[in-house]
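Some notes on the structure that comes next.
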Amino acid sequence: MFAIKTIIFDFGDVFINLDKLATPRNFKRLGIPENYKIEMHDTLLDYERGLITTKDFLVNFNKRFPNISSQQVINAWNSIILDFPEHRLEFIENLALKNKYKLLLLSNTNDLHIQQVIKNMGHARYIRFKNCFDKFYLSQQIHLTKPANSIYDFVLNSNNLQADECLFVDDLKLNTEAALNTGMHVWNLIPTSQDVTQLFNLKKDIF
């Protein structure tokens with residue numbers, strides 16, 4: 001019989017609220033086409049994996065869209081990032097205090113988004129949040145992104161974890177399905193109807 005010993009959390013739309021339509025909506029207003037993710041796939045992926053700098057990221061936008069300023073790109077890019085409700089911060093702090101589970105964060109993100117997160121949260125609250133976790137993995141720092149198998153293997157191997165003793169929480173089905181394939185238990189959290197603070201009620205069947 002398995003026992004959950006480690007909980008691995010995503011960040012966006014699990015703890016911090018996102019408006020995932022804001023960036024394409026604001027890019028469109030600037031004249032950047034809706035298919036920018038296809039046209040700039042390599043740039044976006046490299047930036048998320050920390051393989052290029054913010055300056056390189058903005059230069060690539062400027063080459064394709066010379067009439068749009070870097071600040072306009074930044075503003076549109078960061079418009080996805082919203083607030084971090086206090087009840088979620090209190091939830092993870094209380095969970096960390098109980099010291100019952102190993103807590104990890106695993107997030108696909110980039111430098112501009114993290115800067116905006118810290119600005120929106122406030123530096124002190126961000127540090128409170130970060131201190132709740134045994135390991136805090138950001139894709140830009142480990143040069144790996146979900147849902148690639150390599151990122152889950154990295155987390156499991158780096159922490160000597162047994163997959164069936166882990167619960168992975170993410171709002172994207174693509175990511176939870178990939179984690180499920182490793183043998184981890186998963187919760188595909190639905191941001192519009194569920195909250196991470198409901199974890200032990202909604203997933204009581206595995207605790």
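The values are calculated or read from the model by the stated rules, or taken from the named source; none is laboratory data. All figures in this text were calculated on a predicted structure; none of them were measured in a lab. Ideal geometry is used to build each Cβ from the backbone, glycine not excepted, and the neighbour counts take in all protein chains shown. Accessible surface areas use protein heavy atoms only, side chains included; no ligands, DNA or RNA. Shrake-Rupley method; radii C 1.70, N 1.55, O 1.52, S 1.80 Å.
Observations, loosely collected:
- Charge tally in the Cβ shell below 12 Å around LEU144, where Lys, Arg are +1 and Asp, Glu are -1, LEU144 excluded: 0
- Relative contact order %, segment 75-199, counting alpha carbon pairs below 8 Å whose residues are six or more apart: 21 percent
- Span from the segment 141-185 Cα centroid across to the segment 19-65 one, whole angstrom: 26 Å
- Solvent-accessible area per residue, Å², over segment 56-184 with all protein chains present [probe radius 1.4 Å]: 49 Å²
- Candidate values (i) 59, 33, 28; (ii) 55, 39, 28; (iii) 59, 40, 32, label of the one derived for Cα extents along the principal axes in Å: (i)
- Counted by Cβ distance under 13 Å from HIS87, the other residues give a net charge of -3, where Lys and Arg count +1 and Asp and Glu count -1.
- Options LEU89, ILE4, LEU105, ranked by Cα towards positive dipole end of segment 1-158, top entry (Cβ charges): LEU89
- A crude spin-label estimate for the pair HIS87 and ASP164, with each label 7 Å from Cα along the Cβ direction, gives 3.6 nm.
- Dipole size of segment 7-162 about its Cα centre, with +1 on Lys/Arg Cβ and -1 on Asp/Glu Cβ: approximately 180 debye, rounded to the nearest 20.
- Helix 149-158 vs. the chain, principal-axis angle (Cα, 0 to 90°, nearest 10): 50 degrees
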